[in-house]
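The values are calculated or read from the model by the stated rules, or taken from the named source; none is laboratory data. As the structure is a computational prediction, the values presented were derived from the model and not from experiment. Don't worry about glycine lacking a Cβ; one is built from the backbone with ideal geometry, like all the others, and counts go over all protein chains shown. Only protein heavy atoms, including side chains, enter the accessible area calculation; ligands, DNA and RNA are left aside. Shrake-Rupley method; radii C 1.70, N 1.55, O 1.52, S 1.80 Å.
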There are 4 protein chains.
Amino acid sequence: MSARLKYGMVGGGPGAFIGAVHRAAIRLNNEADLVCGNFSYLESECNEACAELGVDPARSYYTFEEMAKAEGAREDKIDWVVIVTPNFFHYPAAKAFLEQGINVVCEKPLCFSVEQGLDLKRIAKANGCLFAVTYTYTGHVMTREARQLVRDGVIGNIRMVMGEYPQDWLLDALETITEDNKPWRADPKLSGRGASVADLGTHIENWVHYVTGLKIEKLACNLDVFGEGGVLDNNVEALIKFKGGATGMYWTSQVAIGFDNALKVRIFGDKGTLEFVQEENNYLKVSPRGKPPQIYSRGSGYLTDEAKKYVRVPTGHPEGLTEAYANIYLDFAAAVRDKKAGLMVNEEDYGYPTLEQGIGGVEFYNKCVDSHEAGAAWVTLDD
Amino acid sequence: MSARLKYGMVGGGPGAFIGAVHRAAIRLNNEADLVCGNFSYLESECNEACAELGVDPARSYYTFEEMAKAEGAREDKIDWVVIVTPNFFHYPAAKAFLEQGINVVCEKPLCFSVEQGLDLKRIAKANGCLFAVTYTYTGHVMTREARQLVRDGVIGNIRMVMGEYPQDWLLDALETITEDNKPWRADPKLSGRGASVADLGTHIENWVHYVTGLKIEKLACNLDVFGEGGVLDNNVEALIKFKGGATGMYWTSQVAIGFDNALKVRIFGDKGTLEFVQEENNYLKVSPRGKPPQIYSRGSGYLTDEAKKYVRVPTGHPEGLTEAYANIYLDFAAAVRDKKAGLMVNEEDYGYPTLEQGIGGVEFYNKCVDSHEAGAAWVTLDD
Amino acid sequence: MSARLKYGMVGGGPGAFIGAVHRAAIRLNNEADLVCGNFSYLESECNEACAELGVDPARSYYTFEEMAKAEGAREDKIDWVVIVTPNFFHYPAAKAFLEQGINVVCEKPLCFSVEQGLDLKRIAKANGCLFAVTYTYTGHVMTREARQLVRDGVIGNIRMVMGEYPQDWLLDALETITEDNKPWRADPKLSGRGASVADLGTHIENWVHYVTGLKIEKLACNLDVFGEGGVLDNNVEALIKFKGGATGMYWTSQVAIGFDNALKVRIFGDKGTLEFVQEENNYLKVSPRGKPPQIYSRGSGYLTDEAKKYVRVPTGHPEGLTEAYANIYLDFAAAVRDKKAGLMVNEEDYGYPTLEQGIGGVEFYNKCVDSHEAGAAWVTLDD
Amino acid sequence: MSARLKYGMVGGGPGAFIGAVHRAAIRLNNEADLVCGNFSYLESECNEACAELGVDPARSYYTFEEMAKAEGAREDKIDWVVIVTPNFFHYPAAKAFLEQGINVVCEKPLCFSVEQGLDLKRIAKANGCLFAVTYTYTGHVMTREARQLVRDGVIGNIRMVMGEYPQDWLLDALETITEDNKPWRADPKLSGRGASVADLGTHIENWVHYVTGLKIEKLACNLDVFGEGGVLDNNVEALIKFKGGATGMYWTSQVAIGFDNALKVRIFGDKGTLEFVQEENNYLKVSPRGKPPQIYSRGSGYLTDEAKKYVRVPTGHPEGLTEAYANIYLDFAAAVRDKKAGLMVNEEDYGYPTLEQGIGGVEFYNKCVDSHEAGAAWVTLDD
């Protein structure tokens, strides 16, 4: 057994769903332990969370600044910090840890602006830090299968990409929002310029880029704010033109009744088509030209070796959200170990979504808002 | 038994799939007989078709002009003509029959320009003619159910509409096109300014309008021409803004590998969602807010009376394309009978898609091409 | 155009759903005309039906005996009679027409006993008559595809067959049955010893035999009578052992809430599996060993030639119940024409379900009832 | 934070898939730690597993007898042992730990005979031990929802139950079996009298009993041994009669090409139907009589409180196999804590499958084999 790794967490306190998922995912892999945290800026809440999670009270921190400084000074410092706060903390928290030479895992959207993202990139490089952005759905086995099939040329040159991500949970939430009782997601100062476009849109943008390598050349985007309590966009439609000639459409919604969390991406090439539906993440539909569509099943013998590496339980036994996060952590921990062992680490080789991809998402959603503010006009992305 | 009706056909000769479907649909209803036709401009082909179809050789016509004139002059003239030619014949043929006071059933897209459409409208009115445009999918029982549910307020105010219509049949066809061997669909002079956008896009546009009553205010549209042999658009993406604030996206494709004829429309209201998939036309998915999605099945007792009128065989016994056409003819024949009986006929009340809707489709696809030619800029539709 | 054929009908009067389907199916093919009928034993009803259907009043018959005799004596006699009466008329009516040398198309279940069936076989042979039994689902294109794939060895040696046919329509019907108001289906004297097992079970039995050629060696069967008004079986479970070693289970139900008409058969070989679902008759699932399952779509280029012969409209445009019947009539009319042309006709070669298959169904359901009456004990079928 | 619990494991060493799943499930819950184990009878393998899993080398045991004795003697003894060995160890291992007063979690099938099961029950009672049998699929949220809906009378009185569990993984395995290289599953002395019927059949039997409370009165069962290397049953069909009048059919297979792990149960009542498909465990199909079928989604607001207790991540974010096991451990740990706190514990109230249910499975599969050996005759189960 290799030496266990250690990590800390910023955010993810009582009632925060996603922090619990990160911790569960890391426990699934069983190679790293939670040793410190800034789970809340309220001392009592933070201490309670530490007690609940088995964290030494001495490493219960009430601000991320304090935590970064204290942990950075320890000999047995954490191998990485997980940042699962509301969006507006992502940038300053990530920066604080990077400056202490601590590797970072951060939720998406990475930050508010490309400038912030480039700043993080500069500091990470200067301090030799690794950085993962948890675009969840890149962690699914069948995402890895899709990426390998594209790389193997199975669907040929890509012509169109159709991405959608409808949910309906916001409908109820909208009705409880008042000026005095506004969640951070409804406050542009705390969540950024975009809501659905940032929260969901970056998932589509990243999944497509992760699987195909395609980069967006320009886009035209419409943002809708439906409902009485609506402040930020909760329904987004975009036309996409990729570099190289492929085109596409992206749609996200938080008010699409009947849809839970229905990320779906279809990639059309001149030799075949791939279809991935997040809610059915154990499957991938592969349609070769001139032949019947096929349903690939996670865990089957015919999968590529690249996908097989991530299979945990046999075919027909469903894996889900937690395994997706766990796979990202599997990749990240491998990079951390290699770096600790003094090896050269090229983050792109490890499979986890990188800081570069985090910045790509930030550019994407900001350009979507730019387009919308210009009357859904076409805007060009930077090279 | 009421007196049988009589009809003629222009186009639909040997090898023409859609003419045969029209005739089969009319036979299903068993209330009208084919008595004349201009099935081909080649005399021998036309005569053979007449023999094959049991049409009196004396009523085998070699041009539509001749047919319109001859039939218009008969006492026992046809009750309607069916126009199922390549697109460029639609306008002149329809015009010729309307001028003779003969009711018209015409395939979509209706014609090349809104001006042509308005011209037909003027002539139809002047001559007291009925006019149906065969937007096939309005004929499905579950389309009628969807329309009634919207009218009954089941899904509330409509916010978003997502329409798509991917096919892949053109992939093989593209490879056989040469400059000397070009089908009419690949020649703008014969098919009009748009291909996929006209052939498939008008189906989406009409289905949405038919079911919801929504009218498009403006749109931004991108047309792609994929493949070596490609001349006209074979992949189309459009952002839509409807009058009243709803938004949407439409996508059509003839090069989407793995898709046969997959018209799918989702209509999202503030109280619920409807989803119709043409290839599963015996079902309609209805998702009420806060409750589990439901699968409505054609023929069930819980359907609206409006939909039940069109049910031919019990639930679980599939109906398909031919029944959809037959239902449109059922509606049209009812109007024809009422007109013959001297009743006032308001075409909108009968259920079949009207000339007005045909013109709507022509405006839609022309505006799509306008937008594309302006760099996928937003263009506004006429009131 | 070949000379048109002529047919008559026994049963199928006002309100009889299945008679109307037969007539519609024949109209779809457009090669035969209805010229006489015994649509009801009530003179007025029969005459009205004839008027409605365009049948010469002189050929409106009030008993099948009269019709058989009168038509048998005509020079221009009908090419076949369609028998779509309640079950207890099948045998005497078929016999009457066969004795006049008239070809017969009869609904299933063929008759009440194997003895009756063998009697019909003897008379048909003596009079040189053709005989089709309308096991509807053999007419679907994808049934023909399944049969050809089995014949081509695609799934290897068959090991298991799972067949089910649940419906729920009887639930409502049960509640309206009283001793004085009993439909023929609820009266063993009129419907035979079995209800669901005969009405639905024979469909499974025939579809499996038609597609695979397998013959049942023995079976153990349980019949349930659920509900207050229940008289005959409305839920049936059977274990099956086929000659040659394959095994299977069949289930039919008329009280399975949530199921419309859900015939589904899965055939498992040592090289692959076929799955056919009647309600999705435009598709066939084909799972080759060690490879992902594939969804075959009716009308696609990769289908076998045998299946392609029956494709009427392109892939993605649904066909349904009426086309299934029409395909059976296509086969039968071809045999009739060949017989009229003096050719040797081997009925097995034409594709329609034969008298032999009708007898097979009668044996099957009688043996099911035998087994049930013996405590669901195993009973052996005759060779 | 409550004091953490401690557990040990027998079996589940290197390469054993199911032991790893148990450990991962317990880590998901994060309330118990693995502290000892007999992972292999090979000392080096056992020691390696302990090192890999962070278990104190002093608590690495080479036989379960030694482990039971040593742990039973410790003050800080384990709170439970997990038994995940080949089947033939279940009984003696469970017995050894029960005799030391240690609670047991054991994989299914529980043991070889009802006598063994009753023996375990006697010893467990005498020593005041808790006992869970890990029928995995009882742990799914939607299984709990199904059970609650049945208890709430949503589907009324149950009439039929259709259960199936096809897999195809054995096909490849069969081809590698030789007399000298036989896995324990292919040796009746090590796996028991039944293979597929015990491994898969007990899952159906238990799921149905768990959800509905129904008990089997009698059954008739056929076992098939397909393939050259086949020794024990790999395909099983059974007719079932339940006490109270319901009937059903169960099918399991390990040679059903195209099926991964497709447990599916449909329960038909006189008011509605439930359908659960293990591979789509985040959904439950609920069909009320006379209304459209509904798709319930795990995590939705309309679920029963009983099901909501087990929801870990929001709707649309898939949970899978590991969460199912984790839910069983959640229930079991609650019972363990209550027992430690001196409370009266009625195991039936906690939700995990009990020893009683384990014995039920053993009786079921033995009666299936009895029936088969008697020529698939009907056999009656004990009261």
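3J(HN,Hα) couplings calculated from phi for the stretch C:56-62 with the Karplus curve 6.51 cos²θ - 1.76 cosθ + 1.60 (θ = phi - 60°) are, in sequence order, 3, x, 5, 10, 8, 10, 9 Hz; Gly and Pro show x. Calculated mean residue ellipticity, 222 nm, chain B: -11000 deg cm²/dmol, from DSSP H runs (n ≥ 4) at -39500 (n - 2.57) each, averaged per residue and rounded to 500.
What you get for the protein assembly as shown, charging only the Cβ of Lys and Arg (+1) and of Asp and Glu (-1), is a dipole of about 0 debye around the Cα centre.
Computed over the stretch D:205-278, the P(r) tail beyond 21 angstrom holds 35 percent of alpha carbon pairs. Rounded to the nearest 5, the antiparallel percentage of DSSP beta bridges internal to chain D is 60%. If I compute solvent accessible area with a 1.4 Å probe over the protein chains, what percent of it on chain C is carbon and sulfur? So the carbon and sulfur contribution to the accessible surface is 50 percent. Taking the empirical scaling 2.2 N^0.38 Å for compact globular proteins as reference, the stretch C:170-227 has a Cα radius of gyration ratio of 1.42.
For the residue pairs A:108/B:291; C:69/C:125; B:77/B:125; A:69/A:95; A:77/A:339; B:108/B:264, the alpha carbons lie more than 23 Å apart in A:108/B:291. Rank D:149, D:134, D:37 by how far each Cα sits towards the positive end of the charge dipole of the stretch D:32-190 (+1 on Lys, Arg Cβ; -1 on Asp, Glu Cβ) and give me just the farthest. Ranked along the dipole, the leading option is D:149. Proximity of backbone amide H atoms, modeled 1.01 Å from N, is registered between residue B:155 and no other residue at under 5 Å, excluding neighbours fewer than 5 places apart on the same chain.
Among residues other than residue D:141 whose Cβ falls under 14 Å from its Cβ, what is the net charge (Lys/Arg +1, Asp/Glu -1)?
-2
For the residues D:197, D:236, D:225, a GNM of chain D with alpha-carbon springs under 10 Å puts the largest fluctuation on D:225. Residues whose amide H comes within less than 5 Å of that of residue C:106, counting only those at least five positions distant or on another chain, are C:83, C:132, C:133, C:134 (H built at 1.01 Å from N in the peptide plane). Solvent-free Debye calculation, one equal scatterer per alpha-carbon of the protein assembly as shown: log10 I(q)/I(0) at 0.08 Å⁻¹ equals -1.12. The stretch D:252-327 and the stretch A:178-227 have Cα centres spaced 32 Å apart. Given a 10 angstrom Cα cut-off, can you work out which residue in A:39, A:64, A:17 is the most mobile in a GNM of chain A? Evaluated over chain A, the most mobile residue of the options is A:17.
To the nearest 0.05, how large is the calculated FRET efficiency for residue C:51 and residue B:343 if R₀ is 30 Å and r is the Cβ-Cβ distance?
Values: r = 24 Å, r/R0 = 0.80.
Taking R0 as 30 Å, the efficiency between residue C:51 and residue B:343 is 0.80.
Quick check: convex hull of the Cα atoms in the stretch A:132-235, volume per residue, rounded to a whole Å³? Walk me through the numbers before you get to the answer.
On the way: hull volume 13.6 nm³, N = 104.
Looking at the stretch A:132-235, the number lands at 131 Å³ per residue.
Listed by chain and number, the aspartates and glutamates whose alpha-carbon sits under 13 Å from that of residue C:215, ignoring those within fewer than 8 places in the same chain, are C:205, C:356, C:363, C:382, C:383.
Here the Karplus relation 6.51 cos²θ - 1.76 cosθ + 1.60, evaluated at θ = phi - 60°, turns the backbone of the stretch A:104-109 into coupling constants of 10, 10, 10, 5, 9, x Hz, with x for every Gly and Pro. In this Cβ point-charge picture (+1 for Lys and Arg, -1 for Asp and Glu), the stretch A:73-140 has a dipole of about 140 debye about its Cα centre.
Residue by residue, the stretch C:127-132 carries 3J(HN,Hα) couplings of 9, x, 9, 8, 8, 10 Hz when phi is fed to the Karplus relation 6.51 cos²θ - 1.76 cosθ + 1.60 (θ = phi - 60°); x denotes Gly or Pro.
If I require 24 Å or longer along the helix axis, counting alpha carbons, and a Kyte-Doolittle average no lower than -1.0, what helices from chain B are left? Use full DSSP H segments.
B:321-340, B:355-373
Once the C-beta distance of residue B:309 and residue C:119 is scaled by a Förster radius of 51 Å, the resulting FRET efficiency is 0.70 to the nearest 0.05.
Amide H to amide H, with H built 1.01 Å from N, residue A:309 comes under 5 Å of no residue 5 or more places away or on another chain.
What's the FRET efficiency of residue A:370 with residue A:228 using the Cβ-Cβ distance as r and R₀ = 25 Å, to the nearest 0.05?
Numbers: r = 27 Å, r/R0 = 1.07.
The calculated FRET efficiency here is 0.40.
With its label point defined 7 Å out from Cα along the Cα-to-Cβ axis, residue A:374 lies at 1.6, 8.2, 8.4 nm from the matching points of the other copies, in increasing order. Each residue was assigned an accessible area with a 1.4 Å probe, and for residue B:4 the value is about 80 Å².
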